[in-house]
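Okay, so here's the structure we're looking at.
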Amino acid sequence: MHTQDRDTRLAEAVALRERGDREEARDRLVALTADHPDDPEIAYQTAWAHDVLGLEAQAVPYYEKALATEGLGTEDRRGALLGLGSTYRTLGRYEDAVTTLRRGTEEFPDDGALGAFLAMALYNTGRHHDSTRLLLRLLAETSEDPEVRRYRAALTYYAEDLDRVEG
């Protein structure tokens, strides 16, 4: 297959997904994956196509393949880490979700969505303190609410030790 053919087919499938023709997009991406089994970008787009249809278990191997090799662009890598971590969480694979989302937050520390999904996965593993700490930090760092901004320093301070008693 020629690169131009690959690029055209991929662009068409992504456009179908973006227009809401999700089943057709998935069918085309699965076919494209068969023709390009080692292409991380195609694997990522195929994972996403399954995910938006609620086919999380079927999305996992595509996400894993996309992340297993080099070649995924920065934004796609960020999306794949979030997608895989979120999908693991949805499937009840909470430790896998924590591992994947923590990797995402280490690679992309300014991505609040990765942090929020990590907080949910931490909650699911019973690490409520870590989950709440992460959410409080995220709230303090990103909220534009004037009252939250007013108490940003206190939220950040107490996020480190929610059980702290001053006295």
- Among (1) modelled with pLDDT of 95 or more; (2) over 28 Å from ASP96 (Cα atoms), which single condition is ALA80 missing? (2)
- Query: If a residue has to be surrounded by fewer than 23 Cβ atoms within 10 Å (Cβ to Cβ), assigned by TED's automatic domain parsing to the domain that holds PHE117 and among the basic types (Lys, Arg) to count, how many in region 62-98 make the cut?
  - Reply: 1
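Taking into account only those residues within region 99-117 that are touching a residue at least 24 places away in the same chain (Cβ under 8 Å) and either of a type in the set (Asp, Glu) or closer than 21 Å to ALA68 by Cβ (or both), which is surrounded by the fewest Cβ atoms within 10 Å (Cβ to Cβ)? First the steps, then the outcome.
Step one: filter region 99-117 for residues touching a residue at least 24 places away in the same chain (Cβ under 8 Å), giving 104, 107-108, 111-114, 117.
Then drop every residue that is not either of a type in the set (Asp, Glu) or closer than 21 Å to ALA68 by Cβ (or both), which leaves 104, 107-108, 111, 114, 117.
Working: GLY104: 27, GLU107: 13, PHE108: 18, ASP111: 16, LEU114: 25, PHE117: 24.
By that ranking, first place goes to GLU107.
Evaluate the following for GLY71: is it at pLDDT 95 or above, in a loop (DSSP other than H, G, I, E, B) and out of contact with any Phe, Trp or Tyr (no Cβ under 8 Å at 6 or more places or on another chain)? Please lay out each step first, then the result.
Numbers: at pLDDT 95 or above: no; in a loop (DSSP other than H, G, I, E, B): yes; out of contact with any Phe, Trp or Tyr (no Cβ under 8 Å at 6 or more places or on another chain): yes.
Considered against the rule, which asks whether it is at pLDDT 95 or above, in a loop (DSSP other than H, G, I, E, B) and out of contact with any Phe, Trp or Tyr (no Cβ under 8 Å at 6 or more places or on another chain), GLY71 comes out as no.
Being of a type in the set (Lys, Arg) and within 21 Å of THR74 (Cβ to Cβ): is that true of ARG6 here? I'd like the intermediate steps shown before the answer.
Numbers: of a type in the set (Lys, Arg): yes; within 21 Å of THR74 (Cβ to Cβ): yes.
Judged against the criteria, ARG6 is a match.
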- Task: Could you grab the pairs with beta carbons closer than 9 Å, sequence gap of 6+ or different chains, first residue in region 5-30 and assigned by TED's automatic domain parsing to the domain that holds HIS50 and under 12 Å from THR46 (Cα atoms), second one among the charged types (D, E, K, R) and outside any helix (DSSP H, G or I)?
- Result: LEU10/ASP39
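Yes/no per residue for (1) touching a Pro at 6+ places or on another chain (Cβ under 9 Å); (2) more than 20 Å from GLN45 (Cα to Cα); (3) not in a helix (DSSP H, G or I):
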residue: ALA66; (1), (2), (3): yes, no, no
residue: THR87; (1), (2), (3): no, no, no
residue: GLY92; (1), (2), (3): no, yes, yes
residue: GLU106; (1), (2), (3): no, yes, no
residue: ALA113; (1), (2), (3): no, no, no
residue: THR132; (1), (2), (3): no, yes, no
residue: ARG149; (1), (2), (3): no, yes, no
residue: TYR157; (1), (2), (3): no, yes, no
residue: ASP161; (1), (2), (3): no, yes, yes
- Single unsatisfied condition, GLY54 versus (1) without any contact (Cβ under 8 Å) to a residue 24 or more places away in the chain; (2) assigned to a loop (DSSP other than H, G, I, E, B); (3) farther than 26 Å from GLU23 by Cβ: (3)
- Message: Exactly one of these conditions fails for THR125: (1) over 30 Å from ALA31 (Cα atoms); (2) of a type outside the set (Lys, Arg); (3) at pLDDT below 95; (4) more than 16 Å from the chain's Cα centre (by Cα). Give me its number.
- Response: (3)
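The values are calculated or read from the model by the stated rules, or taken from the named source; none is laboratory data. Quantities reported herein were computed from a predicted structural model and do not represent experimental measurements. Cβ coordinates were reconstructed from backbone atoms using ideal geometry, including for glycine residues, and neighbour counts include every protein chain displayed.
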